[in-house]
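This report refers to the structure that appears directly beneath it.
The values are calculated or read from the model by the stated rules, or taken from the named source; none is laboratory data. What you are looking at is a predicted structure, and each value in this text was computed from that prediction instead of being measured. FYI the Cβ positions are ideal-geometry reconstructions off the backbone, even for glycines, and counts take in every protein chain you see.
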Amino acid sequence: MAGFLARRLANYLVLLILATFLAYALASLTFRPLDALSQRQPPPPASTIEAKAVSLHLDKPIPQRFGIWAEGVVLHGDFGRTVADAPINDELWRRAGISLRLFLAGTVIGVIAGVLLGVTAAIKQYKIFDHVTTLFSFLILSTPVFVIGTLLKVLWLPVNQAAGTQILYFNGESTAGFSGTGWEMFVDRLQHLVLPTVAIAIGLAAVYSRYQRSAMLDVLGSDFLRTAQAKGLTRRRALFTHGLRTALIPMATLFAFGFGLLVTGGVFTERIFGWFGMGDWLIVGVQNQDANIIATVTLFVAVLVLFSGWLSDVVYAALDPRVRVR
Amino acid sequence: MSETTTSTSTPTASPVEEIGAAPITRGRLVLRRLLRNKLGLAGAAVVVLLFLGAFVSPLVYPWDYRTQDDLALLMPPSPEHWFGTTKLGEDLFAQCMRGLQKSLLIGLLVGVISTGVASVVGATAGFFGRATDRSLMWLVDLLLVLPTFLIVAILSPAFRGKSWLLLVLLLSAFSWMITSRIVRGMTLTLREREYVLAARFMGMPAWRIIARHIIPNMASLLIIDATIGVGGAILAETSLSFFGFGIQPPDVSLGTLIASGTDSALTFTWLFLFPAGLLVATVLSVNFFGDGLRDALDPSSRRARSRKGRR
C-alpha cells in the first residue's frame, strides 16, 4: 500500500515538472513581452529594449530560460520576477491563500451537498424529490459559472437593499481599510466569502449529485444490501454503513478528474466577484504577456490537481479494501 | 447492447408488434424509443428551432448585427427591436442570433472532432497495449493536469485576428482526454471477442480491425459522447470568449455578448438576460437530447438500474 502510494507520488512529480514546462514553453513561444515597452510613446531607445530583453533572458533558448526559472524555484524558493520587474513571491502567497480559501470552502460544501442530494434522490427514485434534483442539476450543468455568479449578484441585491445594509458583499475578499478585532475581521471575511463560495459549490453539487445518484442506484439493487437487511440491520443502517460506503468509491475517482474543472470555475468566480486570487492572476499574466506568472499559476494548479488525485487514491484505498491488498 | 436482448426485453412494446410482418431494424427500434422520451424530444425540438432561428432569422429580420440605430440607444425590448438595443444602438436580437450561429457551429464541430480523436487514441492504446498504451495514457494524464482553459488562454494571443476555425481546432485538441480513457477501457474487452481474434488470425492489419470492428462496436457510446460534447464545447467557447480569449470583435458570440452585458446586469437587465438565457436554453436542450439519445441507444444502462431500484 505504502509502496503503491509512493510510486504514484513519484509519477506525479514527473507530471508536475512536465506540465509546468509545457505551459512555460507555450507561453514563451506565443507571448511578446517587449511589445508593451516598444509601443510606448515616445518610443524608448533600442538599447533600453535590448536591456529589457536581456533581463528577461529573452536572448536564451526556451529550455534554458525554463532551467533558470526552475532552478530559482527549487533551490531558493524564488519564483522569479514579473515583466514589470516586481518579485512574484510577494504576491504568490497572498493570492494562493485567497484562492485556497475559496476552493476549499466551495469544494467541501459542494461535495457534501452533492453526495447528500444524490443519495436522497436515489432512495426516493421517481418521486418528486428525485425529479426536482434532476431538473436542478441539468439546469445548473447547462449554465456557465459566470452566469451563475452574475445571477447571484442580481438576485441578492434586493435582499441587501431591503435590509438597508450590506449583509453579503459582491466584491473583493475583504473590505478595504477595514480594521477591528479578530472576530470582526473574521465576520467581514465571511460576508465576502459566502456568495463566491455558493457560486462554486452549486456547480459542484450539480455534478456530484448526478453521479452519486447513479452510483447509489447501482448499489441499491445489490445482493449484499439485501443480505445486510436480512441479517437484521434496519434499512437506514444498511443504506448508510454498507450502501453509501460502496457508492462513494466511484466518487473518489470523479473527485480527481473534477478538480481541473473546479480550477477553471474558480478563475471565473474570482473575476466576477473581484477576488485577486490565482485565477485572476492567470488572466493578468496573459494580458501582461508574462511567462513567469503563467508558469507559477500552472505549478499551483498542477500541484492542486495532483494532490487531489493522490488524495482520491488514498480515499479509494480507505473505502475499498481490495485496493489495499494489492 | 445487441439487438436480441433489447428487442425482447422492451416491456411496453406489444408482442404482436415484435413478431409483426415488418422486420424491426435497430434503427427503427432506437427511433421509437427516442420518440417515446418526452424530455429528449423537447430538447431536440428546441435545438432544431434554435438552429433555424440562428440561420434563417438574419435573412428576414430587418436589422443587421453591425448596424447602429442612433435613434435607439439602450432601449428595452420593443416590437421594433425584439431584444432591445445596446449602448451603441446595435440590435440585440440580431447580435444574439449571430452569436448563436457561431456558438452552435463551434460546439458541433468541436463535439464531433474531439470524439473522433478520443476514439482513435483510445482504441489505439487499448488495442496495441504495452508501450503504446502506456505512453498514450501518460499523455492523457499530462493533459489532464493542465486545465484546457489554461492552455487555450495562454495560446489565445497567438491566434488573435485569425480565423475562428483555429479556436475550433484548439478546443478539440484539448477536450478528448476523458472519453479516450473510456474508449480504451471498452477496447480492452472488445479486443478479446471472437470476431476480433478471428480477424487478427486472418491477417487483417491492426488499423483495419480498429476501423471495422472496434470503433463500430462502440458507436452508441461515441454518438452519445459527441452529443454531450457539443454542450460542453459551447460552454467552453463562451467561457473563453467571455474573457476575450475566444471569438474576437467585431465578430460576436454568446460569450462576448454576455461579457458586455454583465457590467450592466443590475441596470439594463436585458443586455445580460437575453444572451445568457439563450445560452442556457441551448446547452440545456442539447443535454436533454443527449440524455434521451443515451436512453434510446443504450437502454440497458437505465432499465437495469430502475428494475433494481424497484425491488
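Could you list, in sequence order, all residues of segment B:249-274 that are surrounded by 23 or more Cβ atoms within 10 Å (Cβ to Cβ) and within 9 Å of another protein chain (Cβ to nearest Cβ)?
Just the residues of segment B:249-274 that are surrounded by 23 or more Cβ atoms within 10 Å (Cβ to Cβ), to begin with: B:252-258, B:271-272.
Hits for segment B:249-274 are B:255, B:258, B:272.
Looking at segment B:176-193, I want the residues that are at pLDDT below 85 and have a partner that is surrounded by 13 or more Cβ atoms within 10 Å (Cβ to Cβ) and not in a helix (DSSP H, G or I) with Cβ atoms under 8 Å, at least 6 apart or on another chain. Which pairs are those?
Listed pairs, sorted by first residue: none to list.
Scan segment A:136-147 and give yes if some residue there is away from chain B (no Cβ under 11 Å), out of contact with any Pro (no Cβ under 6 Å at 6 or more places or on another chain) and among the aliphatic types (A, V, I, L, M), otherwise no. Please lay out each step first, then the result.
Residues of segment A:136-147 away from chain B (no Cβ under 11 Å): A:136.
Of the ones still in play, those that are also out of contact with any Pro (no Cβ under 6 Å at 6 or more places or on another chain) are A:136.
With among the aliphatic types (A, V, I, L, M) added as a condition, the list becomes none.
Taking every residue of segment A:136-147 in turn, none turns out to be away from chain B (no Cβ under 11 Å), out of contact with any Pro (no Cβ under 6 Å at 6 or more places or on another chain) and among the aliphatic types (A, V, I, L, M).
Looking only at segment A:27-71, count how many residues are surrounded by 13 or more Cβ atoms within 10 Å (Cβ to Cβ), within 14 Å of another protein chain (Cβ to nearest Cβ), free of Cβ contacts under 8 Å to residues at least 40 places away in the same chain and of a type in the set (A, V, I, L, M).
2
Tell me which helices (runs of 4 or more DSSP H) are completely within segment A:214-326 and hold 3 or more residues being within 11 Å of chain B (Cβ to nearest Cβ) and not β-branched (Val, Ile, Thr), or say none if there are none.
Details: elements: A:223-230, A:244-272, A:278-287, A:291-319, A:321-325.
Here the list reads A:223-230, A:244-272, A:278-287, A:291-319.
Give me the residue from segment B:118-170 that is touching a residue at least 60 places away in the same chain (Cβ under 8 Å) and within 11 Å of chain A (Cβ to nearest Cβ) and, out of that set, farthest from residue B:237 (Cα to Cα).
Per the stated criteria, the residue is B:160.
Would you call residue A:212 buried (at least 24 other Cβ atoms within 10 Å of the Cβ) and in contact (Cβ under 8 Å) with a residue 24 or more places away in the chain?
Values: buried (at least 24 other Cβ atoms within 10 Å of the Cβ): yes; in contact (Cβ under 8 Å) with a residue 24 or more places away in the chain: yes.
Yes, satisfied.
For segment A:74-165, list the helices (runs of 4 or more DSSP H) that sit wholly inside it and hold at least 2 residues that are in contact (Cβ under 8 Å) with a residue 60 or more places away in the chain and aliphatic (A, V, I, L, M); which are they?
Details: elements: A:88-123, A:128-141, A:145-163.
Of the helices (runs of 4 or more DSSP H) lying wholly inside segment A:74-165, those with at least 2 residues that are in contact (Cβ under 8 Å) with a residue 60 or more places away in the chain and aliphatic (A, V, I, L, M) span A:88-123, A:128-141.
Looking at segment B:171-182 only, could you name the residues that are more than 7 Å from every other protein chain (Cβ to nearest Cβ) and either aliphatic (A, V, I, L, M) or touching a His at 6+ places or on another chain (Cβ under 9 Å) (or both)? Walk me through how you get there before you give the answer.
Start the filter on segment B:171-182 by keeping residues that are more than 7 Å from every other protein chain (Cβ to nearest Cβ), which leaves B:171-177, B:179-182.
The answer is B:171, B:173, B:177, B:182.
Quick one: which of A:218, A:313, A:280, A:320 is of a type in the set (Asp, Glu), more than 15 Å from the chain's Cα centre (by Cα) and either modelled with pLDDT of 85 or more or surrounded by fewer than 16 Cβ atoms within 10 Å (Cβ to Cβ) (or both)? Before you say what the answer is, go through the steps one by one.
Values: A:218 fails: either modelled with pLDDT of 85 or more or surrounded by fewer than 16 Cβ atoms within 10 Å (Cβ to Cβ) (or both); A:313 fails: either modelled with pLDDT of 85 or more or surrounded by fewer than 16 Cβ atoms within 10 Å (Cβ to Cβ) (or both); A:280 fails: more than 15 Å from the chain's Cα centre (by Cα).
The unique qualifying residue is A:320.
Would segment A:81-103 turn up any residue that is within 14 Å of chain B (Cβ to nearest Cβ), at positive phi and over 24 Å from the mean Cα position of the chain (by Cα)?
Just the residues of segment A:81-103 that are within 14 Å of chain B (Cβ to nearest Cβ), to begin with: A:83, A:99, A:103.
Narrowing the set further to residues that are at positive phi leaves none.
No: zero hits.
Need pairs with beta-carbon distance below 8 Å; first residue assigned to a loop (DSSP other than H, G, I, E, B) and within segment B:197-208, second not β-branched (Val, Ile, Thr); sequence gap 6+ or separate chains.
Pairs found: B:204/B:212.
Using the structure shown, decide if residue A:151 is aliphatic (A, V, I, L, M) and at pLDDT below 80. So that I can check it myself, show each step before the final result.
Values: aliphatic (A, V, I, L, M): yes; at pLDDT below 80: no.
Answer is no for this residue.
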